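The structure under discussion appears below in the form of structure tokens.
The values are calculated or read from the model by the stated rules, or taken from the named source; none is laboratory data. None of the values given here were measured: they were computed from a predicted structure. Counting neighbours? That spans all protein chains shown, and the Cβs are built from the backbone with ideal geometry, glycine included.
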Amino acid sequence: MVTGGQRSGKSVFAENMALDRSPHPTYLATARVFDDEMRKRVKIHQKRRGGHWRNIEAPLSIEALEFSQDEVVLVDCLTFWATNWLFDKNENIDEALNALKNQIELLTDSGVTLIIVTNEIGLGGISPNSLQRKFADLQGMINQYVSSIADEVYMVVSGIPLKIKSIS
């Protein structure tokens with residue numbers, strides 16, 4: 001798991017980690033593109049990665065996807081995935097959390113080497129907005145779940161990765 005703030009360098013670090021493990025990793029993109037600004041962000045990510053990645057767009061369910069046991073899969077990012085599930089489940093945190101856990105279990109059960117990028121969003125104050133509070137709760141819960149099953153957890157701060165968990 002690779003966590004950190006927005007624009008901290010998480011994705012670049014995770015992409016390099018994936019490339020260290022495979023010459024042709026899989027990029028599992030979870031974002032939904034609703035506007036031109038987001039479309040530009042996606043294009044920047046795609047251009048940076050180049051052509052040796054298998055790219056899959058999966059904003060929600062991955063049940064129909066097939067993975068091989070020797071595959072390296074980078075999920076970028078868990079925060080978008082959580083957002084999508086929260087709205088898909090009509091802001092029901094428990095249902096969204098269960099759906100996310102199910103998707104992650106499908107990946108881990110497939111035997112792939114899994115790298116998940118996520119955001120630390122709970123470092124600020126508590127929002128006065130109910131939906132933002134629900135999302136912060138969901139994001140915190142799914143981050144705790146993923147970090148509990150991860151062999152390694154990194155936090156990226158200003159482009160510097162800090163290993164905060166390692167199972168050797």
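Summary of values
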quantity	calculated
The listed residue being at pLDDT 95 or above, of a type in the set (F, W, Y) and surrounded by fewer than 16 Cβ atoms within 10 Å (Cβ to Cβ), out of F13, F34, F87	F87
Segment 1-59, residues that are among the polar types (S, T, N, Q) and in contact (Cβ under 8 Å) with a residue 24 or more places away in the chain	T3, Q6, S8, S11, S22, T26, T30, N55
Set A64, A18: member being in a loop (DSSP other than H, G, I, E, B), of a type in the set (G, A, S), at negative phi and at pLDDT 90 or above	A64
Within segment 72-117, considering residues that are in a loop (DSSP other than H, G, I, E, B) and within 21 Å of T3 (Cα to Cα), the one farthest from the chain's Cα centre (by Cα)	V112
Unmet criterion (only one of (1) within 16 Å of the chain's Cα centre (by Cα); (2) closer than 22 Å to E91 by Cα) for I56	(2)
